[in-house]
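The values are calculated or read from the model by the stated rules, or taken from the named source; none is laboratory data. Only a predicted model underlies this, so the values are computations on that prediction, with no experimental measurement involved. When we count neighbours, we look across all protein chains shown, and the Cβ atoms used for this are built from the backbone with ideal geometry, even at glycine.
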Amino acid sequence: MSTNIFVILLGWLFALAIFLGFLVLLRYLQHRERMALITHGMNPNMINKQHRNRGILRAGLITMMVGLSLTIGLYPVGFVLPATIAATPFHLGPWLLPGLIPFGVRLALTISYYLEQSTQIVSEEKPPDEEKVIPLKDHLDKERRERNR
């Protein structure tokens with residue numbers, strides 16, 4: 001195996017390790033945030049839903065821009081290819097799929113954002129009593145009182 005291939009493989013492994021390390025760091029920070037909310041007596045499920053909704057919309061917009069830029073960037077390929085391959089109206093063809101697929105993903109993400117938002121409004125009107133979160137200290141005090149009876 002030549003040294004060039006070895007360096008390239010090592011570079012890819014290093015990039016993969018950085019990516020996976022970043023994912024682990026994000027998960028750890030989410031866990032710490034969730035535990036802090038619970039110790040302060042807040043319901044972390046309600047806050048996560050609000051953050052998730054904004055994240056879905058943001059992901060949809062980013063995906064749309066990637067799809068749009070790929071579609072615009074790949075459109076001139078229809079003019080470069082031979083006439084037998086690109087003999088379609090407006091020079092459209094399968095080379096535009098890498099840009100059109102993210103467009104469809106964007107549509108799905110945006111629709112799910114609006115659908116999830118409408119169901120969240122309905123569920124916030126009448127919160128169930130089972131989802132009440134009490135501080136850990138109060139819970140432990142309650143358990144001690146029950147044991148002492």
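Look at (1) at pLDDT 80 or above; (2) in contact with an Asp or Glu (Cβ under 8 Å, 6 or more places away or on another chain) and you find that Asn45 fails only one, number (1). Only one entry in Gly93, Gly41, Gly60, Gly78 is more than 30 Å from Ile134 (Cβ to Cβ), of a type outside the set (Ser, Thr, Tyr) and in contact (Cβ under 8 Å) with a residue 24 or more places away in the chain, namely Gly60. Given (1) under 19 Å from Ala108 (Cβ atoms); (2) modelled with pLDDT of 80 or more; (3) surrounded by 13 or more Cβ atoms within 10 Å (Cβ to Cβ), where does Asn53 come up short, assuming only one miss? Going through the list (1) under 19 Å from Ala108 (Cβ atoms); (2) modelled with pLDDT of 80 or more; (3) surrounded by 13 or more Cβ atoms within 10 Å (Cβ to Cβ), Asn53 breaks only (2). Given the condition closer than 30 Å to Tyr114 by Cα, of a type outside the set (Val, Ile, Thr) and modelled with pLDDT of 80 or more, answer yes or no: does some residue in region 4-22 qualify? Yes, some residue in region 4-22 is closer than 30 Å to Tyr114 by Cα, of a type outside the set (Val, Ile, Thr) and modelled with pLDDT of 80 or more.
The numbered conditions (1) surrounded by 15 or more Cβ atoms within 10 Å (Cβ to Cβ); (2) at pLDDT 85 or above; (3) aliphatic (A, V, I, L, M) are all true for Met35 except (1).
Among the residues making up region 72-99, those that are touching a helix residue (DSSP H, G or I) at 6+ places or on another chain (Cβ under 9 Å), small (Gly, Ala, Ser) and over 21 Å from Leu61 (Cβ atoms) are Gly78, Ala86, Gly93.
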